[in-house]
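Student: Sharing a structure with you now.
The values are calculated or read from the model by the stated rules, or taken from the named source; none is laboratory data. These numbers come from a predicted model, not from an experiment. FYI the Cβ positions are ideal-geometry reconstructions off the backbone, even for glycines, and counts take in every protein chain you see.
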Amino acid sequence: MRLTTLVVLVLTAALQPGANPPRNDLPQPYRTTRDWGQLPPGVKWAAVTAVEPAPDGSIYVIHRCFANSCANRKEDPILKFDASGRLLASWGAGMFIFPHGATVDRQGHLWVTDARGDGTIGHQAIGFDATGKVLMTLGQKGVSGSSDTLFDQPTDVVIAPGGDIFVTDSHRNGKNNRVVRFTREGKYVKAWGQKGSGRGQMSEPHTIAMDARGRLFVGDRENNRILIFDQDGNVLDEWRQFGRPSGIFITADDTIYVADSESGPDTGAKELPGIKKGIRIGSARDGSVTAFIEDMESTTPDHSGAEGVGVDAHGNVYGAVVRRQMLERHVRK
């Protein structure tokens, strides 16, 4: 091979988005507030795990009832707000152990996963209408497994425009490390993925989102990368420039927001040393990263940053913070 050809190949590989490390020095064009959202009387924020705007302008926030669990708690884990932060409704008490990821489909239905189980509840993805009525459940209540009807600690869910349902299955040290696809009626279609760090393998698929082309973006958290699949499970790309992904949100114009809650010092969980926690913002089309909302504890050893991320119709960015038990709202300066 000629030297000039080799140089071109090396430079081309280096310029690919997936080859670029995450950056700490990007513009931060937001100001942050931590007092948004009216809570029910007597309730304080527990671990906040997901924020999902709905087509009608309302905003769903998922939290873990008290501290970091809903087990045997009377609080509602699902809170529905209007755009100003006024509480409209709440529900879900007694239905979840460890509410985790969520999404809102085009019909305004809310879907929430439960990433633990106690034999009676948990290990499910549950779909609700806008009033809190249960429309569908996937997985067997309280039962962990690896079949086409059982999950083990499902972490997140996304709904395709045609109605097909995609669930990321298994939290840290879970059994499955896979994506499971169902029809809009809840019929199993297929699953893909296994534990590992190779092409298409996963280690804690923690979040899932879909871009305008219908591609699936899976936060392969323990491998510090985003895996991009088509809807049949074929690997299209992998990106590492957004950090260690705990949460992904993609807007209609293909702006991608990635919450990195675990980078910083390596605690033994294969984190990214020297990379700050926060929300990196860029393009789902080409993988460019253009802005960074730095977390208030961006360099601590604790997994302290926002795990979930959502963006409303006005471009306000919401961070769901688990360890510090708060909801953050980032507004453009």
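Student: Would you pick out the residues in segment 249-297 that are surrounded by 20 or more Cβ atoms within 10 Å (Cβ to Cβ), of a type in the set (S, T, N, Q) and out of contact with any Ser or Thr (no Cβ under 7 Å at 6 or more places or on another chain)?
Tutor: S263 - this is the single residue of segment 249-297 that is surrounded by 20 or more Cβ atoms within 10 Å (Cβ to Cβ), of a type in the set (S, T, N, Q) and out of contact with any Ser or Thr (no Cβ under 7 Å at 6 or more places or on another chain).
Student: Looking at (1) surrounded by fewer than 17 Cβ atoms within 10 Å (Cβ to Cβ); (2) in contact (Cβ under 8 Å) with a residue 24 or more places away in the chain; (3) over 24 Å from V157 (Cβ atoms); (4) not small (G, A, S), which is the only condition R324 fails?
Tutor: Evaluating R324 over (1) surrounded by fewer than 17 Cβ atoms within 10 Å (Cβ to Cβ); (2) in contact (Cβ under 8 Å) with a residue 24 or more places away in the chain; (3) over 24 Å from V157 (Cβ atoms); (4) not small (G, A, S) leaves (1) as the failure.
Student: Tell me whether segment 298-312 contains one or more residues that are of a type in the set (A, V, I, L, M), buried (at least 19 other Cβ atoms within 10 Å of the Cβ), in contact (Cβ under 8 Å) with a residue 40 or more places away in the chain and assigned to a loop (DSSP other than H, G, I, E, B).
Tutor: Scanning segment 298-312 turns up no residue that is of a type in the set (A, V, I, L, M), buried (at least 19 other Cβ atoms within 10 Å of the Cβ), in contact (Cβ under 8 Å) with a residue 40 or more places away in the chain and assigned to a loop (DSSP other than H, G, I, E, B).
Student: Could I ask something else about it? For G162, which of the numbered conditions (1) farther than 30 Å from D35 by Cα; (2) not acidic (D, E); (3) not in a loop (DSSP other than H, G, I, E, B) fails to hold?
Tutor: In the conditions (1) farther than 30 Å from D35 by Cα; (2) not acidic (D, E); (3) not in a loop (DSSP other than H, G, I, E, B), G162 misses (3) alone.
Student: State all residues of segment 309-333 that are hydrophobic (A, V, I, L, M, F, W, C) and under 17 Å from the mean Cα position of the chain (by Cα); if no residue qualifies, say none.
Tutor: V309, V311, V317, A320, V321, V322, M326, L327
Student: May I ask you to list the residues in segment 79-102 that are within 22 Å of H314 (Cβ to Cβ) and in contact with a Ser or Thr (Cβ under 9 Å, 6 or more places away or on another chain)? Full working, then the answer.
Tutor: If we filter segment 79-102 for residues that are within 22 Å of H314 (Cβ to Cβ), which is where we start, we get 79-89, 102.
L79, K80, F81, D82, A83, L88, A89, A102, listed by residue number.
Student: Kindly check whether there is at least one residue in segment 241-248 that is over 13 Å from the mean Cα position of the chain (by Cα), of a type outside the set (S, T, Y) and surrounded by fewer than 18 Cβ atoms within 10 Å (Cβ to Cβ).
Tutor: No, segment 241-248 contains no residue that is over 13 Å from the mean Cα position of the chain (by Cα), of a type outside the set (S, T, Y) and surrounded by fewer than 18 Cβ atoms within 10 Å (Cβ to Cβ).
Student: Evaluate segment 2-22: report whether one residue or more is assigned to a loop (DSSP other than H, G, I, E, B), of a type outside the set (A, V, I, L, M, F, W, C) and modelled with pLDDT of 95 or more. Show your work before the answer.
Tutor: In the first step, residues of segment 2-22 are kept if they are assigned to a loop (DSSP other than H, G, I, E, B); the result is 2, 16, 20-22.
Checking the rest, the ones that are also of a type outside the set (A, V, I, L, M, F, W, C) come to 2, 16, 20-22.
Then drop every residue that is not modelled with pLDDT of 95 or more, which leaves 22.
Yes, segment 2-22 contains at least one residue that is assigned to a loop (DSSP other than H, G, I, E, B), of a type outside the set (A, V, I, L, M, F, W, C) and modelled with pLDDT of 95 or more.
Student: Still on this structure, please answer the following. Sort out which residues of segment 313-333 are over 19 Å from T251 (Cβ atoms), among the hydrophobic types (A, V, I, L, M, F, W, C) and not in a strand (DSSP E or B), and write them in order of number.
Tutor: The one that is over 19 Å from T251 (Cβ atoms), among the hydrophobic types (A, V, I, L, M, F, W, C) and not in a strand (DSSP E or B): V322.
Student: How about segment 53-78: which of its residues are buried (at least 22 other Cβ atoms within 10 Å of the Cβ) and assigned to a strand (DSSP E or B)?
Tutor: Answer for segment 53-78, where residues must be buried (at least 22 other Cβ atoms within 10 Å of the Cβ) and assigned to a strand (DSSP E or B): I59, Y60, V61, I62, H63, C65, I78.
Student: Taking strands (runs of 3 or more DSSP E) that fall entirely within segment 167-266, which contain at least 3 residues that are touching a residue at least 40 places away in the same chain (Cβ under 8 Å)?
Tutor: On the way: elements: 178-182, 188-192, 205-210, 216-220, 225-229, 235-239, 247-250, 255-260.
Because the criterion is at least 3 residues that are touching a residue at least 40 places away in the same chain (Cβ under 8 Å), the strands (runs of 3 or more DSSP E) in segment 167-266 that meet it are 178-182, 188-192, 205-210, 216-220, 235-239, 247-250, 255-260.
Student: Still on this structure, I have one more. Is there any pair with a first residue in segment 29-49 that is part of a loop (DSSP other than H, G, I, E, B) and a second that is surrounded by 12 or more Cβ atoms within 10 Å (Cβ to Cβ) and of a type in the set (V, I, T) whose Cβ atoms are under 6 Å apart and which are 6 or more apart or on different chains, and what are they?
Tutor: The qualifying pairs are A47/V322.
Student: How about segment 199-232: which of its residues are within 19 Å of H100 (Cα to Cα) and among the aliphatic types (A, V, I, L, M)?
Tutor: To start, the set of residues in segment 199-232 that are within 19 Å of H100 (Cα to Cα) comprises 202-210, 216-222, 226.
Residues satisfying the conditions are M202, I208, A209, M210, L216, V218, I226.
Student: Name the residue that is farthest from S246 (Cα to Cα), counting only residues in segment 202-232 that are surrounded by fewer than 17 Cβ atoms within 10 Å (Cβ to Cβ) and not basic (K, R).
Tutor: Looking at residues that are surrounded by fewer than 17 Cβ atoms within 10 Å (Cβ to Cβ) and not basic (K, R), I get D232.
Student: What are the pairs with Cβ atoms under 6 angstrom where one residue, in segment 267-295, is under 22 Å from R172 (Cβ atoms) and in a loop (DSSP other than H, G, I, E, B) and the other, located anywhere, is of a type in the set (S, T, Y) and at pLDDT below 95? Sequence gap at least six, or different chains.
Tutor: none
Student: Among the residues of segment 144-195, how many are under 20 Å from the mean Cα position of the chain (by Cα) and surrounded by 13 or more Cβ atoms within 10 Å (Cβ to Cβ)?
Tutor: So the first thing to find is which residues in segment 144-195 are under 20 Å from the mean Cα position of the chain (by Cα), and the list is 151-161, 163-182, 191-195.
Next, from what is left, pick out any that are surrounded by 13 or more Cβ atoms within 10 Å (Cβ to Cβ): 151-160, 163-172, 174-182, 191-195.
Total satisfying the criteria: 34.
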